[in-house]
Amino acid sequence: MVFNFLKGQFIDVIEWTDDSRDTMVYRFERYGNSIMYGAKLTVREGQIAVFIHEGQLADVFEPGLYKLETNNMPLLTALQHWSHGFNSPFKSEIYFINTRRFPGLKWGTQNPIMLRDPEFGPLRLRAFGSYAVRVTEPRAFIREIVGTDGDFTQDKIAGAIRNIVVQKVSRVLAASGIPALDMAANTKDLSEVVTKAIAPTIEEYGLEMPELYIENISLPPEVEKVLDQRTSMGIAGDLNKYTQFSAAQAMQKAAEGGGGGADGMGAGLGMGMGMAMAQGMAQNMGQNAGQNAGQAPAAGGATPPPPPGAEPMWHIAENGQTRGPFPQSQLASEITRETLVWTEGQSGWQKAGDVPALAGLFGATPPPPPPPPPAG
């Protein structure tokens, strides 16, 4: 700020330089001094000067260099009833308004947004982001927001604008109909919709919002945990590989726990339970696959026991896949001694050559040949 005092108490040069980066409005301090008629007014780029005379909004000056005379102060001249030859000092409040963009202002939902998601049903979401504001109509901004505040910073309006943003974001997200899992891919479009919805409200304050960003839309932690589990099951794919993966994880946790004492026992139990669960899942999936291949499923997903007098039905496991069930009379052409088979009542998969019930399919193994007769 530069003050040149000429003729005692009269201000000759009026200007304002801002180094705070957050001041939106600054009242030029006169310290009880009058403004000399013909004084120089400097309004820099990104500023607008507003004269207020006896509580009334008067002339507005855009960027430029002005000599304060009756010909460029029509409203003030009319309020004062100045004649064309007026050259006396006058008193007036001068407000410099910063018209540059104020970016990086933050917003966020203090309470969750309730909506009906097409996939998950009733759901609570949180969101946060940033926005920027800029003064476009100085008269409205002073009249509706600033009042007589001589040092108005962005913090004094950020709270009010943030409440408007959160309200509009909540309504737009709830009415969008976009599934929660797809919102991250549509934040740009949602931001534009919110910006358009906010525009009429902040225009009444003499402001505009040149940019608004939805930086994150998050689900409740409980829902995220369930999604992570579902994703893990999808990634597992091959159940045999999933069994190996589960066993490896359990072994690693056991090693990290030291493997001894109560912790070691707990880790071992966890490993055994994990492997048993994975194997059970693999067996159930194999049974279901066999049923889908041509057999009607029974209640509970298990293979129904054969009726009295009927021959057993056998499942075959090859390369991580299951086939069957096959009646025992047709099994000879499908298996070898090394083929893994299973039937109702059997504790797990076994090699066909080790199952007593299937021994007749392979015939008796001949004894070794006798030694050759002695020569001569």
Against the conditions (1) surrounded by 16 or more Cβ atoms within 10 Å (Cβ to Cβ); (2) more than 12 Å from residue 91 (Cα to Cα); (3) at pLDDT below 80, where does residue 76 fall short? Just the number, please. (2)
Would you confirm whether or not region 100-108 contains a residue that is crowded, with 16+ Cβ neighbours inside 10 Å, among the charged types (D, E, K, R) and either assigned to a strand (DSSP E or B) or outside the structural domain of residue 15 (by TED's automatic domain parsing) (or both)? no
Quick check, is residue 96 assigned to a strand (DSSP E or B), in contact (Cβ under 8 Å) with a residue 24 or more places away in the chain and touching a strand residue (DSSP E or B) at 6+ places or on another chain (Cβ under 7 Å)? yes
Would you please list the contacts, defined by Cβ atoms under 8 Å and residues six or more apart or on different chains, that run from a residue in region 321-341 that is touching a residue at least 12 places away in the same chain (Cβ under 8 Å) to a residue that is among the hydroxyl-bearing types (Ser, Thr, Tyr)? 325/303; 325/343
Assuming residue 186 fulfils every condition listed in (1) at pLDDT 90 or above; (2) in a helix (DSSP H, G or I); (3) closer than 30 Å to residue 24 by Cα apart from one, which condition is it? (3)
Take the residues in region 284-342 that are over 17 Å from residue 355 (Cβ atoms) and more than 52 Å from the chain's Cα centre (by Cα), then tell me which one is modelled with the highest pLDDT. 310
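The values are calculated or read from the model by the stated rules, or taken from the named source; none is laboratory data. This structure is a prediction, so every number in the text was calculated from the model and none was measured. Backbone-built Cβ (ideal geometry, glycine too); neighbour counts: all protein chains shown.
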